[in-house]
Amino acid sequence: MNCPKCQKGDTCVLDSRETDGHKAVRRRRECEKCNHRFTTFERVEVNKFIVVKKDGSREAYDREKLEKGIWKSCEKRKITEGQVSQMLNKLEEEWSNLGKEVDSGIIGEGIMNALKELDEVAYIRFASVYRQFKDIDTFKKELHKLSK
């Protein structure tokens, strides 16, 4: 493992712990050259699948890309990294069981449903981008559905 500070490959593991409900290992590491400490996570690789987008194009599933969008909708909310990670782990298991290709609509709806349970403001933010709200009336309709 290369040190993120000096890029040298000589690092040692100081501590290892299971995390995410025994689905990942958190390792505390230290660079033997510059003594910089950092954390890495090791998890079982989910079955890789292809995302089929609305226009029919296909691309490899990218957790980081999805996580960035989720964090934008969770900005300034009391949501922890652990909550987002746990949510994505659960969703990824569901999606990988659907086969080698997963429709982007299934992914988007899954995230929206999970965010609705986690934080309603984050849900509205994500939904407004995902569903491409065109005007205030569309936004009001979604808020009305949420308040029921």
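Table for the structure above
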| item | result |
| --- | --- |
| Ile70 vs. criteria within 21 Å of Val51 (Cα to Cα) and touching a Leu at 6+ places or on another chain (Cβ under 9 Å) | yes |
| Selected residue (criterion: modelled with the lowest pLDDT) from residues of the stretch 125-148 that are within 17 Å of the chain's Cα centre (by Cα) and crowded, with 16+ Cβ neighbours inside 10 Å | Tyr130 |
| Filter result for the condition that a residue is modelled with pLDDT under 90 and either farther than 23 Å from Arg125 by Cα or among the basic types (Lys, Arg) (or both), over Thr19, Thr39 | Thr19 |
| Only listed residue being hydroxyl-bearing (Ser, Thr, Tyr), assigned by TED's automatic domain parsing to the domain that holds Ala122 and at pLDDT 95 or above, chosen from Ser57, Ser85, Ser96 | Ser57 |
| Strands (runs of 3 or more DSSP E) contained entirely in the stretch 1-104, each with at least 2 residues that are surrounded by 12 or more Cβ atoms within 10 Å (Cβ to Cβ), touching a residue at least 40 places away in the same chain (Cβ under 8 Å) and more than 15 Å from the chain's Cα centre (by Cα) | 50-52, 101-103 |
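The values are calculated or read from the model by the stated rules, or taken from the named source; none is laboratory data. These figures come from a predicted structure and were not determined experimentally. Methodologically, a virtual Cβ is constructed for each residue, glycine included, from the backbone with ideal geometry; neighbour enumeration extends over all protein chains shown.
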